[in-house]
Each structure stands twice: as structure tokens, then as C-alpha cells.
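As C-alpha cells, the structure follows; a few thoughts come after it.
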């Protein structure tokens, strides 16, 4: 087990600073579950952080010139390339420190915030390259499971049968016909120092994962579930419910993978709630037949069992 | 002064980049740019150049990483050709709008299809409107000198610069090249200091949304910056001349003083064209040559001055702008003339696509065609020269 993580002492809510580095007054929708984890992540990372955003909701709602929500240095270049931009920033920090043009001892976090469109689809090669090259940065995928900024079109992160504007629940074709892409598997396959999933429903877990990501040397990848009331047709007040339910139904298990080899299940769900409880809170699933719900349930069970096995077989060595 | 040594131009260009003490290099291989970035990797890995070398997975990432690095205050370099330039396309406009002093060498190559690795200007002509300063080298020495100049100008104007050299014809040729002493380069090029950068001590927001109320002004600001760069470009060449002894100017002329027919061409083919000028003059035809070294910002006044009193002008383009009113340079030249009182006849030919040889005889024929166009109006607004029947 790597040292940075073996000695990690989890933060409690009392350890968190009062300051936020993402200012209120931004233009996110009511109940936005994407901006929430973003704000929490910055709380942990603090002011010595440079953030890179992909094009998308979080960029749009935070930077209508001349206003900005970012109290830290922030850059947005394009849709697919935030990991490449971060590569350049990280390389620059490294060489400028070496040459004495930046203070050598000061740690500067480099963090990417990208949506599922940017991560599952158009930017796949870019973050893959950045992870493979080993840049010291944190990649955070805020996954709200469709292209929300352009009006709810399907992405590789959209779940099976979900209604979106490009996978409408039609009379013949019942919503999105593909299973959600196995993003976690792809990210883990890069054997990066730290990978984790998180949900704002379990915010202390999320906060501690951001902290761990900032402690490891090298790339880390966080896949964060981000409810979107506007795109999902859910109630704003249900955002946190959904962010808990998605874990409690085993749809989105909370786990970590260290160095691509040690699997840790952070929240074992022994008495799972049926997926239907989660699905019925969202209009994007309202057309589902009982058979389709059963199919989803079957898939969720299968994937969860597989993950539990992985966590048993590849558990981290016990610390002495 | 430095020594004159025989060097492959790509190697010399990479050495010049190293002499500029670049901080971050980010590049992806594409023929015929490869020797430049290979040599830089060699210099870094041998400890001869203290820089971060990011071997990115694509050209799009190459420029993206340069944007990130430059925005953090590092001196950056990338290089590409043809498809690579097209793949990084969207970032080109962002780099200039962000006012980042990135330097890129483009080893000019034709664009697909058909796929071809040989030289013409079809790649760089697609980025005319990108807001980058763009210069063209005729030979190896000029290519090297334009690299030092590029950093000087980029960092003074806070604008990206693309230095163009013909793929293979320049990049892969061994030439005697004078590499200046390091002290001289250091004197010419002080360390980069950026007022606005990604610095946690002084946070800024880069890449905000430009609502309709501000987008026009943002574009106007970039336009003014590029316009204003002209003075800096010329001054930087003057300073270069004082320090390094070689003189450069935005537009180069050859025997234009008394010319009745002129020719315009960019890049290395100008050397062949000069021979054609000499041959024509032997036959008693007063012809001359104009070469744009600076392409963006377009050197309007230098161009009009260079024209002298020609009756006709042959614009030789190295790229096609399909079914428009001319080749890219031809369109530009006609538009420039329309804004002046000079009205020479303009014959616009497209030649040397994808490395097709353009010989002295070809250029002489083009001159003859131009003479004919004075009395007999051509039936075309542009023509692709030398097409096999």
C-alpha cells in the first residue's frame, strides 16, 4: 500500500474550512447535484489549486463574463481536452519549480472538472493519455449521465433505457439502448495511484476521497455521481435522496482502487433497496416496463457481485 | 559570432528552440516535422536542455498542453504538419484569443486526401484567420533565425507565432547554418514574465463565456493586438540585425526596382524563382520577385511598396481554395490591390502542390504567361499550373 494512503487519517466535518473557493451566486439549476461535489472538492483542495474545466454546465454557470465563481485560478479551453491542458499546467509547475521561478516547496493542486460527455465520449483519448503519462493531477468526472448543457442528449454515460432528447422513449425504441459504458474499468486499467467513485449523498466519503487524490503522487481519477433534476426530470429536493439511493440500490457502489491493484469497497450494501425505488423518482425512466426494470435489476446485481469479489480477491495487504 | 556548421535544418531549428531556453515542449510526431521534435527529446533526455517534454497522444493535446503550460507562465514549443495542424485546429483560435505566447513550427505539408507527406502550403493556409502571427522561411538559416524572432515577438505581443518552413525541401536539407552564441540569444530573449497567468497568489479566470454583449469587443481586441504586432515584429528584426548581423523585413524583393512584371511566392520556391528572374533578365525581360516573409499580420504597406510599377503580377499559390476567386495568396493580393490605387493585372497560378517540382523553366513559363495577360485577359480567375492531361 502506498505510504500517502496507508497513513491517511480521515477528515471529519470539523476539519473542513469555513471558506469556499467556489462562490455562491452561480447560475446552476435548483438542486444541481453537479455543482455540489465541485464545491466540496474545492473546499478540500483549498486555495493553492489550479482548476481546469471542460466545456459544459459547470463552465457555463460559473463564468459569464465579467462574473466568475472561481476564487482560484481557473481555465477553460475546450470540450475534450481539459486533461491535456492540465498536463501542460502540471509540466509547467514542475519545470518552473526546478528552475526556481516558482517556490519549490509549495504544493499546487491541479484539478480537472469534466462532465460525462467530455469523459465517456469526446475526451476519452485525452485523459487516457494524461493518466498514462503520469502527470500529478486529479481528474474529476462529474457524471450526470447525459449532455445536459446542450439539452439532455445521450452520452456514453447514459444508463440503459433512459429517455434523453437523442434517445427518446419512443413507441418502438424505448429510450437509450446501450448499457452505461464501463468508465471505471477503463480508468482503473491505467494502473493509476488512486481511483475512486463518490456520490454527494455520502459527502464525507467524497471529501475524503478528494483529499486522498490530492495526497498521492501522480494521477488520480474520481468518478462522481451527479444528479441533474433538469435532465432527469427529478425533483430538486430529491437530489440528495437520489445520491444516496444510487448507492443503496447498488447501482453506483462506492469503491476505491489503489495502483490499479487493490480494491476497497467503501460502503457494503447488504440490504439493497430495489432499483425501482431509484428509477421511479426520475421522469427519464417513467416509460420502463416491469421487464425492463427487472433487466436493470439483474445487471446491477451482477455488477455489484463482481465488484464485491474483486474487493475480496484484491484487498490491500493488512497494515502491520 | 557563432560558427557556420553544416546541419540538417530540422536539427538546427530544434537547437535554436533549445537556445531559447524553452520550458515545456509538447509534441506529437508527424512527417516531416519529426526530426525537430526527436532532436528536442534527445536534448532533454541527455540533460542538455532543462525542459519538460510531454509526449502527448495527439496534436490536439499537443496544443492543449501548450495552452496550459503557457497560461502557467512557461515558455512553450510545439511543432506539426498537415493533418496534425488540422487536428489541433480549434485550439489555434483559443490560443490567440487567450493571448498566449506559444511558438509553433509548421513543417508545411499537403493535406489529405489523397494522403501525401510532401510539401505545399495547404496546411497553413487553413489557419489564415486564426489570429496567429505567421512567418515563412525560405531556407535553413532563415528558419533558425525566425525561431528566435518568434519567441521575441510572441512574448512582447502576447500572441502565438507560427513559423513556417517547407517540409523536406527545407526541413530535411543539410545547409551551412550559423548558430549564434548562447549569450547573444539570452541577450535577445530575456526570461518570460507574464503579467496574467494561472497563479494561486493572484487568481484569474481564463476562458469565460463571451456573451453577445462582449464577444464583439473580445474579437476587436485581438484584432487590434495582431495589428499592433506589426511594429514589434519589425523592431524585433531590427534588433536581431544589430545583434546577429542578418537583416530581415516583412516583404523581400528581388530585382523589383525596375520590374514590369512581378511574381509573388512564399517559402523555399522563391530561390528557384530568383533563378528564373535572372534567366528572364538575360532575355531582356524586366521581371522581379516578391516574397512574403510575414503573412500575418498582412504587411499591406510593404507589399504595396514592393510592387513598384509593375504592369502585371503573377501570384503563385501553393494551396487551392476550391472554386473561390483565387488561391489563398491570390485572393489576398487582389483584395489588397483593390484598396490601393495600383492596378496591375493579376495572374493567379497554383503550383507545386504536394512536392511537385517547379523548375526554373516552369517559372519562366509563368512569367511569359503573365506578359501575355497584359494584352489578353485570361479566361480564368485562377489556374492550377502543370496539370497532366
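The values are calculated or read from the model by the stated rules, or taken from the named source; none is laboratory data. All values reported here derive from a predicted model rather than from experimental measurement. Quick reminder, even Gly has a Cβ in these numbers, built from the backbone with ideal geometry, and neighbours come from all protein chains shown.
Structure summary
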| item | result |
| --- | --- |
| Tabulated pairs, segment A:157-168, first at positive phi and touching a residue at least 12 places away in the same chain (Cβ under 8 Å), second surrounded by fewer than 18 Cβ atoms within 10 Å (Cβ to Cβ) and part of a loop (DSSP other than H, G, I, E, B), C-beta under 6 angstrom, 6+ apart or interchain | none |
| Among residues of segment B:369-387, those that are farther than 19 Å from residue B:326 by Cβ and surrounded by 16 or more Cβ atoms within 10 Å (Cβ to Cβ), counted | 1 |
| Any hit, segment A:236-243, residues being assigned to a helix (DSSP H, G or I), crowded, with 22+ Cβ neighbours inside 10 Å and over 17 Å from the mean Cα position of the chain (by Cα) | no |
| Selected residue (only one of B:328, B:299 is modelled with pLDDT of 95 or more, surrounded by fewer than 23 Cβ atoms within 10 Å (Cβ to Cβ), outside the structural domain of residue B:113 (by TED's automatic domain parsing) and within 17 Å of the chain's Cα centre (by Cα)) | B:299 |
| Residue identified as in contact (Cβ under 8 Å) with a residue 24 or more places away in the chain and surrounded by fewer than 16 Cβ atoms within 10 Å (Cβ to Cβ) among B:191, B:180, B:212 | B:191 |
| So residue B:316, is it surrounded by 17 or more Cβ atoms within 10 Å (Cβ to Cβ) and more than 23 Å from residue B:282 (Cα to Cα) | no |
| Strands (runs of 3 or more DSSP E) enclosed by segment B:92-169 - at least 2 residues per element that are more than 17 Å from residue B:230 (Cα to Cα) and touching a strand residue (DSSP E or B) at 6+ places or on another chain (Cβ under 9 Å) | B:103-108, B:161-166 |
| Index of the failed condition, residue B:77 passing every other in (1) under 21 Å from residue B:179 (Cβ atoms); (2) away from chain A (no Cβ under 14 Å); (3) surrounded by 24 or more Cβ atoms within 10 Å (Cβ to Cβ) | (2) |
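To keep it simple, each residue is scored yes or no on (1) within 11 Å of chain A (Cβ to nearest Cβ); (2) farther than 30 Å from residue B:358 by Cα; (3) surrounded by fewer than 18 Cβ atoms within 10 Å (Cβ to Cβ); (4) modelled with pLDDT under 95.
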| residue | (1), (2), (3), (4) |
| --- | --- |
| B:197 | yes, yes, no, no |
| B:207 | yes, yes, no, no |
| B:228 | no, yes, yes, no |
| B:231 | no, yes, yes, no |
| B:235 | no, yes, yes, no |
| B:241 | no, yes, yes, no |
| B:251 | no, no, no, no |
| B:273 | no, no, no, no |
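Matching residues to (1) in contact with a helix residue (DSSP H, G or I) (Cβ under 6 Å, 6 or more places away or on another chain); (2) closer than 23 Å to residue A:76 by Cβ; (3) within 14 Å of chain A (Cβ to nearest Cβ); (4) surrounded by fewer than 24 Cβ atoms within 10 Å (Cβ to Cβ):
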position: B:19; (1), (2), (3), (4): yes, no, no, yes
position: B:37; (1), (2), (3), (4): no, no, no, no
position: B:63; (1), (2), (3), (4): yes, yes, yes, no
position: B:68; (1), (2), (3), (4): yes, yes, yes, no
